[in-house]
Structures are given as structure tokens and as C-alpha cells.
């Protein structure tokens with residue numbers, strides 16, 4: 001039922017805007033976005049916009065998801081940390097790109113829903129954690145890739161500490177005005193930051 005909408009999303013919203021990474025395009029083509037939105041939004045699940053998933057949170061615009069994943073250049077050897085599970089959509093895509101995904105959600109109801117949804121859909125390499133994303137998840141660190149799906153005003157120090165040498169972190173940063181920022185940690189531990197483009201994400205919640 002949704003195949004035409006999904007194909008149009010891939011062609012117009014992603015390829016049409018310059019997304020070239022075949023792995024990302026394949027992962028997003030293989031992930032049923034309609035299963036990660038509210039029932040009332042299923043008919044617009046492939047629209048070029050973020051959608052509310054309740055509790056003040058959203059499922060991100062498809063292009064922004066693809067853009068962030070392309071920048072991260074994820075491989076099957078990587079363990080990835082995602083901050084802000086939401087409905088589980090991005091974690092599902094990440095699971096097709098990475099060796100393992102650890103995803104943290106602070107909102108209890110979203111955590112339970114996403115965990116059940118991902119398990120019922122058969123995703124095996126995703127660990128859903130209930131917790132404060134500002135603290136990361138040290139148990140599985142270091143992470144070669146870290147992605148934030150909500151905006152802190154500054155990058156949490158714990159997340160930079162849990163980033164592996166040679167790793168990349170991408171996050172929206174700011175308050176009213178936000179920028180998507182790429183952080184890279186070289187093999188000596190030196191940190192490099194690059195501002196990529198202006199964005200608008202929901203604020204990152206903390207305990």
C-alpha cells in the first residue's frame with residue numbers, strides 16, 4: 001500500500017536533494033516508516049516533514065535522517081549510540097547499517113512502545129535503554145558513531161568521552177536557533193567540530 005509513497009520519498013526527497021550513499025538509500029527503502037508513526041498519520045508517513053509521535057517528540061523528516069546517516073558513513077563493524085529513540089524509526093534504519101545499535105529514550109511511554117515495536121518487528125541488533133541521553137551509556141562504550149535526535153544547547157561531555165578514537169558524532173545543537181554539528185575525534189583524541197546546516201529539532205530532555 002505504501003510502496004509508491006516510499007519510492008517517491010526516495011526519489012524526490014533523498015536522491016533529488018543529493019543523497020548518494022547506496023547503503024543509506026537501501027536501508028531507508030527497507031524500513032516501513034508507516035509502522036513508526038501514529039495511526040492517524042499513516043497516510044502521510046512519507047511526507048517531507050517531521051511528524052508528532054506524542055509526548056512532545058517527533059519522528060524526523062526523512063531527508064534529515066538520510067543526511068545525518070550519510071555524513072556518519074556507518075559500516076557493519078560499527079557499534080552506534082543513538083540518543084532519542086522516539087518511535088524507533090531511526091534505530092531501525094541504523095540496524096541495517098551497523099553491527100549493533102544502542103538507543104536511549106528518556107520518556108517512559110516512548111521507551112516501552114519503541115522497545116515492543118522493534119522486538120515485534122524482529123530487529124535483533126538493537127538494544128533499547130531507558131535513561132538520560134546526556135549520560136550516554138558507558139557500558140557499551142566506546143562508540144564509533146553517535147547520533148542525537150534531539151537538540152541539547154551544548155554537546156554533553158559524557159557523549160564526547162564515549163566516542164571512540166577515529167569516531168564521529170552528529171547532533172543538532174542550540175536553543176531557538178540550531179545548527180547540525182559534526183564532531184570528529186582523531187586517533188590522538190583531538191576533537192574537531194564542523195557546523196553543517198541550520199535545523200530545527202525538539203529540545204533534548206534530561207532528568
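Any read-out appearing in this document is the output of simple, stated calculations on the displayed coordinates, not a laboratory observation. Owing to the predicted nature of the structure, the values given are computational and were not obtained by experimental measurement. With ideal geometry, Cβ positions are generated from the backbone for all residues, glycine too; neighbour counts draw on all protein chains shown.
Along the Cα→Cβ direction, 7 angstrom out, place labels at residue 47 and residue 195. What is the inter-label distance in nm?
The two pseudo-label positions are separated by 3.1 nm.
FRET efficiency for residue 75 and residue 40, Cβ-Cβ distance as r, R0 = 41 Å, nearest 0.05?
Working: r = 37 Å, r/R0 = 0.91.
E(calc), rounded to 0.05, equals 0.65.
Could you tell me the calculated FRET efficiency between residue 186 and residue 55, based on Cβ-Cβ distance and R0 = 30 angstrom, to the nearest 0.05?
0.20
Stretched out fully, how many nm does the piece from residue 7 to residue 108 gain, at 0.36 nm a residue minus the Cα gap?
Stretched out fully, the residue 7 to residue 108 stretch lengthens by 33.0 nm.
Assuming 0.36 nm per residue, please report the length gained on full extension of the stretch residue 139 to residue 177 beyond their Cα-Cα distance.
Result: 10.4 nm gained on full extension.
Tell me whether segment 111-207 comes out rounded, prolate or oblate; compute the Cα gyration tensor, take square roots of the eigenvalues as a ≥ b ≥ c, and use a/c under 1.5 as the rounded threshold.
In terms of gyration-tensor shape, oblate.
Rounded to the nearest 500, what is the 222 nm mean residue ellipticity of the chain from helices alone, with -39500 (n - 2.57) per DSSP H run of 4+ residues and division by all residues?
-7000 deg cm²/dmol
Running a GNM on the chain with Cα contacts under 10 Å, which residue among 193, 139, 130 ends up with the highest mean-square fluctuation?
The residue with the greatest mean-square fluctuation here is 139.
What order do you get for 41, 21 when you list them from fewest to most C-beta neighbours inside 10 Å? If you can, show how the numbers build up before the last one.
Working: 41 16, 21 19.
Least to most surrounded, the residues fall as 41, 21.
Stretch residue 206-residue 153 to full length: gain in nm at 0.36 nm per residue minus the Cα-Cα span?
Gain on stretching residue 206 to residue 153: 17.9 nm.
Shape call for segment 13-109 from the C-alpha gyration tensor, a ≥ b ≥ c root eigenvalues: rounded (a/c under 1.5), prolate (a/b greater than b/c) or oblate?
It is oblate, given that a/c is not under 1.5 and a/b is not larger than b/c.
Give the average over all directions of the projected area of the C-alpha convex hull of segment 3-199, one decimal, in nm².
Working: hull surface 41.2 nm².
Quarter of the Cα hull surface area: 10.3 nm².
Among 28, 204, which comes first, second and so on when ranked by fewest other beta-carbon atoms within 10 Å? Don't skip to the end; give the middle numbers.
Working: 28 25, 204 21.
Result, fewest neighbours first: 204, 28.
Counting DSSP beta bridges with both partners in segment 6-141, what percentage is antiparallel, nearest 5? Don't skip to the answer; put the middle values down first.
On the way: 3 of 13 bridges.
In segment 6-141, DSSP labels about 25 percent of beta bridges as antiparallel.
Which ordering of 63, 144 is given by a fewest-first count of other beta-carbon atoms within 10 Å?
63, 144
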